[in-house]
């Protein structure tokens, strides 16, 4: 009898002790201290285009071993490689300013025709810009809806006759980060005569947004009436509005006559499907949020007669986890 009473007492004390411990949070998952930084060590993926320098021909037969990748001069191991045709998330940024208005109907017709080159899984958004800007169509797979909104956006000068690219491109870059298909290739295609007002400080902010979204910028430069009267090369940076954004994100600039918009824009879409994706986990895992320059080049062991050039963004920011 005494033995049974002792066992019951011990069991009672054990249960009571466990209840006290759990009431104090024992065994529960605790929040990390405020000074502990959660570091994003996920795979960092770069989108790249390889072209032959002289002819600009796209090179699409390379393998992972044909590339070398370094961060801040330190060689990194390429852990992910793909040349699959990813679905596209394209933001068409249409210049509807006064300088392109004389040929705006050709730009409209060319853009409408080029939409036929898209695949069913591709998504398109449309933003028009001049003095002001307007997202006339958010991302959709409905080609008829996109066509209707392009026609509407180019039908009047309600956005003004000036050409202010910065605000439109910044908004587009932010929206690209929320593209509906997370695994898609994200691209902004700016169709313009490349004569626009941009600012240096704002440009840096825009490039950060583009980098964070993994967005590539392509420029389709259409020669408009203004370019026939003035030598665009004499306009300095005013005549190179999109160049910086294209170069630093690894895109391309293609020129087009007003009758070539359809062909050249279709060519851009085809080139987008021939880009590579290369991923690595950085050896430096300190999330300092500073810009990290990255260089991707063709391995010296890949002997070819052509001079190959890798087009990709110039680096990235390792961010803190939210």
Give the residue, chosen from 62, 135, that is modelled with pLDDT of 90 or more, part of a strand (DSSP E or B) and surrounded by fewer than 20 Cβ atoms within 10 Å (Cβ to Cβ). 135
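Go through 20, 74, 37 for me and flag whichever is modelled with pLDDT of 95 or more and either exposed (fewer than 15 other Cβ atoms within 10 Å of the Cβ) or over 23 Å from the mean Cα position of the chain (by Cα) (or both). Give the derivation first.
Details: 20 fails: modelled with pLDDT of 95 or more; 37 fails: modelled with pLDDT of 95 or more.
When all the criteria are applied, what remains is 74.
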Can you tell me how many residues within segment 298-312 are within 23 Å of residue 216 (Cα to Cα) and either at pLDDT 95 or above or out of contact with any strand residue (DSSP E or B) (no Cβ under 8 Å at 6 or more places or on another chain) (or both)? 3
Taking segment 175-189 as the region of interest, how many residues are under 17 Å from residue 118 (Cα atoms) and crowded, with 21+ Cβ neighbours inside 10 Å? 6
Given (1) over 19 Å from the mean Cα position of the chain (by Cα); (2) farther than 30 Å from residue 277 by Cβ, number of the condition residue 116 does not satisfy: (2)
Residue check, residue 104 crowded, with 19+ Cβ neighbours inside 10 Å, outside the structural domain of residue 171 (by TED's automatic domain parsing) and out of contact with any helix residue (DSSP H, G or I) (no Cβ under 6 Å at 6 or more places or on another chain): no
Number of the exception - residue 259 against (1) closer than 23 Å to residue 211 by Cβ; (2) surrounded by fewer than 17 Cβ atoms within 10 Å (Cβ to Cβ); (3) not assigned by TED's automatic domain parsing to the domain that holds residue 52: (1)
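The values are calculated or read from the model by the stated rules, or taken from the named source; none is laboratory data. These figures come from a predicted structure and were not determined experimentally. Positions of Cβ are generated from backbone atoms using ideal geometry, with glycine treated the same way; all protein chains shown enter the neighbour counts.
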